[in-house]
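Report on one structure; see the data block that follows.
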């Protein structure tokens, strides 16, 4: 240390109290800063569209977000999914611009243009630097007034939507949510999600009609945020949207079913390693003044990792990967829900504990320290959601759309901070009703039915919604396949992976056969998604029953998750991949130790197994499977459809075309002559194909 | 409003001076550099620490150390157990992370402003008392090895991109850039716990760090907390200077790179570019947008759409304190040979050297630059990262308020000149990636 810094250090000592040691405990929160919710301005355009402006000149950015009261609630019930499809196609071409021109123009100024549809509202948003505001609103107006909804774009969007539905059915959390909404809301539109049938029924005419009738200015909002004055924003909007006129037809939501005594809907998912539990009831309308107290109650019950549900079900009992509760707030009546994803054997214990905690928040006064820390979190975290003018505008838009009152945002933190224990308990009693609740459990009925029956009466359905009886829950026996490993092509194959015909990656598979076993390995790489997946395993040569199977998956360049299952007679044990912990998260590993009543095949080796079977037009094979990437029993049926010629990069081949139906449906092409070799495979759910290269 | 008035409106907007970022700077006696940027719009605060250490500071035999160390920083310290950092931030309603590159290592958290003290306390606790134990170290070494296997060894093209491009640097004249950030597994294996402690003492001392606080705070209170939490952390020794004497234009190199993970051939060409503080950096940056940025870029239009020779084509630039790289790359379409692809890719590069670019292309690239520049100032986190960049990579942090002008004043001649100067065979490393079976792959 030199002389000058010694002097400086002495000076510093003089200004800092000598007692100010480094604390050994995390410092306590200081007082919350008062939040002045940013002011906003309003105007109405000549066509009736309301304009809201959050003016902020700190940065030369402006964003436009148009919200129109039209959404899934306006769809004909036979065409659920129509509003979302209309939004998806809106930016795919107008009378004067191709889809490519629209994206090039907005990208050329470094901006964005997006359309979307929810249950209640249709939105169209654009963010640009202020000097491109004219272009942004011009493009928005063009797609709004002149979209052409090209037929080929509709077919692409339909395929994406169907693939999404198929994927959803394999995800127990999504299955649970679908049944839960249906139980809560019945025929009310919030209870009606799109299905394969309704998506198939959507026509181009219906899309055009939906846009023509519902995308109208009256009753809608144009929310503008950023560096623009009210006069300039209004002038721009009048110029581009002045010829737009009319009002969307009024909508009727219908009444959800009346509450009834709590019972359980068990959605039977054979072989499921986990159960997804949802408990809930209809709760509040948007303007309900109990919202604040109910929000604090929810924070304590299940609103985070320090809340009771998480702490008790996960930290204390170790039953679950996570358990939470929430209220939502749509335009019509919202719901309360508590969720958990638990290991199969503890399903009934977890459900009983969740119900206990739900009752407790209604009946037991929360300690003051708990209340204060919940309120502190809620008031403290609110500003992180309004850091940018666009985020502010998003909050204002919610306030206006839901009619929450002009002072809602300004006084939100103050109202949360004012909640008292009696108010909290009163709000919990009014909004959380365990005795007239809907309970949905998705899991293996053969294991969990008896335990659930002790809690409440149980109705049983399969994943498709067909009613089942308790007798249907026992697994059925299966016949053995007539396999012969001598029919298989062995060695190393290299395949291309294409998406809509464009090469996106590669798959390498290798098969070897010895006297006792068939060994295989497959590696799939899709660089643009940072995806690297693979599986490897050993089958008994005589029967093709699995001995061991390993599945590995890495996404987005992240760490790989790998699970290995061992098959020992009817017993399967090891680890398998389950559903991801959240969006974008890697799949979670599940411990598996189960005994089945039937012999299974390896779900990773469906196509390879087919190459060991005697094939002829019209033959079909049905076999139950289980695998390390998909730890539920899935039954597949393969049918030889025809003999044809197919050309792939490796050459032209004489092949059988085989349709494979089941959870991950596909079409495979296998050389007609033995040894049978897989030369092509197409997934039914997505425009993805695999083609033999060498 | 008439068209003319609208035109006038947009002109006045684009000429309006960018709001400068007003910052307050002070060093502590132990050498910690502190920047405070007040913004009271919302009660949110970001606490952001950069350590002036990256893989460029590593010595031969100790590659991969800086990145391994970043992992160690989440393994606990004297007053915050392993995992506590993440948990305390999450429960306060905030978010956090860290990352390592060739030139620096960063750590950050964004919090409600009444938890500024928590963010500062956690950063100070690990700066003063990181838990460097053999168990933590062994655990993280294995994690890093796994990361290398997954992110590099098992990904098509990744080894060429990471290991191959590093070969453009001479390991004698510039060891700092001639090895990768993730480093060699042999080096990681040879590392001992005392090595880790020595690295911490040298590079994680306050005099090698910069603390930035952005958001809603009272400067006097922030200064008091910073002084209390960081003020008595002992100053460390001066880290040795980084020795990179890499020259540009060292002759054309060409490497054929068999890759068992790749199914389609690819061509990558790396061109050395001068350090970030060079006057040519803005023109090179805009050129990379014109050549390879997005759907409307030259490479995408020519190779992917028109000639259909490639499934993917683009440009990646890595601007560093020492010589960086401008990498053009393309992945071949099915049935296209590497010779054909290489010729087409290099023809596009050469065309810019011969003819330059159009006024419209330059304008679009400047538009993209401006929006990225402006959109990147919207949150306290973005602003913190930006002031750190200027504090580390520029001669004077005040350039945060003037640097954009250099980009917006780039001319067609500038683009033409930098293309002719740097995008030439004599200054390039060409990597031809060919699909291969495992046995053919180089070790």
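Of all the numbered requirements in (1) closer than 30 Å to residue A:544 by Cβ; (2) in contact (Cβ under 8 Å) with a residue 60 or more places away in the chain; (3) within 14 Å of another protein chain (Cβ to nearest Cβ), residue A:500 misses one, and that requirement is (1).
Under the condition of being under 23 Å from the mean Cα position of the chain (by Cα) and more than 14 Å from chain B (Cβ to nearest Cβ), the residues counted in the stretch A:92-118 number 5.
The rows are residues; the columns are (1) surrounded by fewer than 17 Cβ atoms within 10 Å (Cβ to Cβ); (2) within 37 Å of the chain's Cα centre (by Cα); (3) outside any strand (DSSP E or B); (4) modelled with pLDDT of 85 or more.
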residue	(1), (2), (3), (4)
A:493	no, yes, no, yes
A:497	no, yes, no, yes
A:512	yes, no, no, yes
A:553	no, yes, no, no
A:565	no, yes, no, yes
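If you filter the stretch A:233-265 down to residues that are under 14 Å from residue A:136 (Cα atoms) and crowded, with 18+ Cβ neighbours inside 10 Å, you find that the one that is farthest from the other protein chains (Cβ to nearest Cβ) is A:241.
Among the residues of the stretch B:71-102, those identified as closer than 20 Å to residue B:379 by Cα, in contact with a helix residue (DSSP H, G or I) (Cβ under 6 Å, 6 or more places away or on another chain) and either touching a residue at least 24 places away in the same chain (Cβ under 8 Å) or more than 13 Å from chain A (Cβ to nearest Cβ) (or both) are B:92, B:98. When each of B:348, B:342, B:360 is tested for being within 21 Å of residue A:103 (Cα to Cα), over 24 Å from the mean Cα position of the chain (by Cα) and in a helix (DSSP H, G or I), the lone residue that passes is B:360. Across the stretch A:216-232, the qualifying residues are those that are in a loop (DSSP other than H, G, I, E, B) and within 14 Å of another protein chain (Cβ to nearest Cβ), and the one among them that is surrounded by the fewest Cβ atoms within 10 Å (Cβ to Cβ) is A:229.
Within the set B:133, B:105, B:191, the sole residue that is away from chain A (no Cβ under 14 Å), buried (at least 23 other Cβ atoms within 10 Å of the Cβ) and touching a helix residue (DSSP H, G or I) at 6+ places or on another chain (Cβ under 8 Å) turns out to be B:105.
Considering only residues in the stretch A:373-409 that are over 26 Å from the mean Cα position of the chain (by Cα), modelled with pLDDT of 90 or more and assigned to a helix (DSSP H, G or I), the one that is surrounded by the most Cβ atoms within 10 Å (Cβ to Cβ) turns out to be A:374. Of the strands (runs of 3 or more DSSP E) lying entirely inside the stretch A:595-694, the ones with 2 or more residues being under 19 Å from residue A:496 (Cβ atoms) and touching a strand residue (DSSP E or B) at 6+ places or on another chain (Cβ under 9 Å) are found at A:630-648, A:651-661, A:666-671, A:678-683, A:688-692.
Going through (1) under 30 Å from residue A:351 (Cβ atoms); (2) over 27 Å from the mean Cα position of the chain (by Cα); (3) touching a residue at least 40 places away in the same chain (Cβ under 8 Å) one by one, residue A:470 falls short only on (3).
Of the residues B:68, B:116, the single one that is outside any strand (DSSP E or B) and touching a strand residue (DSSP E or B) at 6+ places or on another chain (Cβ under 8 Å) is B:116.
Within the stretch B:109-130, no residue satisfies the criterion of being crowded, with 24+ Cβ neighbours inside 10 Å and away from every other protein chain (no Cβ under 13 Å). The lone criterion from (1) in contact with a helix residue (DSSP H, G or I) (Cβ under 8 Å, 6 or more places away or on another chain); (2) modelled with pLDDT of 95 or more left unmet by residue A:87 is number (1). Just one of the listed residues (A:28, A:33) is within 14 Å of chain B (Cβ to nearest Cβ), over 25 Å from residue A:111 (Cα atoms) and buried (at least 18 other Cβ atoms within 10 Å of the Cβ), namely A:33.
Going through B:371, B:380 one at a time, which residue ends up being out of contact with any helix residue (DSSP H, G or I) (no Cβ under 6 Å at 6 or more places or on another chain), within 12 Å of chain A (Cβ to nearest Cβ) and in contact (Cβ under 8 Å) with a residue 40 or more places away in the chain?
Working: B:371 fails: in contact (Cβ under 8 Å) with a residue 40 or more places away in the chain.
Going through B:371, B:380 in turn, just one is out of contact with any helix residue (DSSP H, G or I) (no Cβ under 6 Å at 6 or more places or on another chain), within 12 Å of chain A (Cβ to nearest Cβ) and in contact (Cβ under 8 Å) with a residue 40 or more places away in the chain: B:380.
When B:294, B:270 are checked against the criterion of being touching a helix residue (DSSP H, G or I) at 6+ places or on another chain (Cβ under 7 Å) and farther than 24 Å from residue B:163 by Cβ, a single residue qualifies: B:294.
With respect to the conditions (1) modelled with pLDDT of 95 or more; (2) under 30 Å from residue B:299 (Cα atoms), residue B:251 lacks only one, and its number is (1).
Number of residues in the stretch A:418-432 that are touching a residue at least 60 places away in the same chain (Cβ under 8 Å) and assigned to a helix (DSSP H, G or I): the value is 9.
Entry remark, the stretch A:518-535: residues being more than 8 Å from chain B (Cβ to nearest Cβ) and outside any strand (DSSP E or B) number 1 in total.
Run down B:62, B:56 and say which single residue is more than 14 Å from chain A (Cβ to nearest Cβ), part of a loop (DSSP other than H, G, I, E, B), in contact with a helix residue (DSSP H, G or I) (Cβ under 7 Å, 6 or more places away or on another chain) and buried (at least 19 other Cβ atoms within 10 Å of the Cβ).
Result: B:62 is the single residue among B:62, B:56 that is more than 14 Å from chain A (Cβ to nearest Cβ), part of a loop (DSSP other than H, G, I, E, B), in contact with a helix residue (DSSP H, G or I) (Cβ under 7 Å, 6 or more places away or on another chain) and buried (at least 19 other Cβ atoms within 10 Å of the Cβ).
In the stretch A:474-492, is there at least one residue being within 14 Å of chain B (Cβ to nearest Cβ) and either over 24 Å from residue A:594 (Cβ atoms) or in contact with a strand residue (DSSP E or B) (Cβ under 9 Å, 6 or more places away or on another chain) (or both)? Checked the stretch A:474-492: at least one residue is within 14 Å of chain B (Cβ to nearest Cβ) and either over 24 Å from residue A:594 (Cβ atoms) or in contact with a strand residue (DSSP E or B) (Cβ under 9 Å, 6 or more places away or on another chain) (or both).
Quick grid of which residues meet (1) touching a strand residue (DSSP E or B) at 6+ places or on another chain (Cβ under 9 Å); (2) at pLDDT 90 or above; (3) over 20 Å from residue B:233 (Cβ atoms):
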residue	(1), (2), (3)
B:76	yes, yes, no
B:83	no, no, yes
B:93	yes, no, yes
B:100	yes, yes, yes
B:109	yes, yes, no
B:112	yes, yes, yes
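Are any of the residues in the stretch B:376-384 within 21 Å of residue B:287 (Cβ to Cβ) and within 27 Å of the chain's Cα centre (by Cα)? Yes, there is a match, as at least one residue in the stretch B:376-384 is within 21 Å of residue B:287 (Cβ to Cβ) and within 27 Å of the chain's Cα centre (by Cα).
Of the residues making up the stretch A:359-368, at least one is part of a helix (DSSP H, G or I), in contact with a helix residue (DSSP H, G or I) (Cβ under 7 Å, 6 or more places away or on another chain) and farther than 26 Å from residue A:255 by Cβ.
Checked against (1) modelled with pLDDT of 95 or more; (2) crowded, with 21+ Cβ neighbours inside 10 Å; (3) within 14 Å of chain A (Cβ to nearest Cβ), residue B:160 meets all criteria but (1).
The values are calculated or read from the model by the stated rules, or taken from the named source; none is laboratory data. Predicted model, so just to flag it, every value in this text is computed and none were measured. Glycine also receives a Cβ, built like all others from the backbone with ideal geometry; neighbour counts cover every protein chain displayed.
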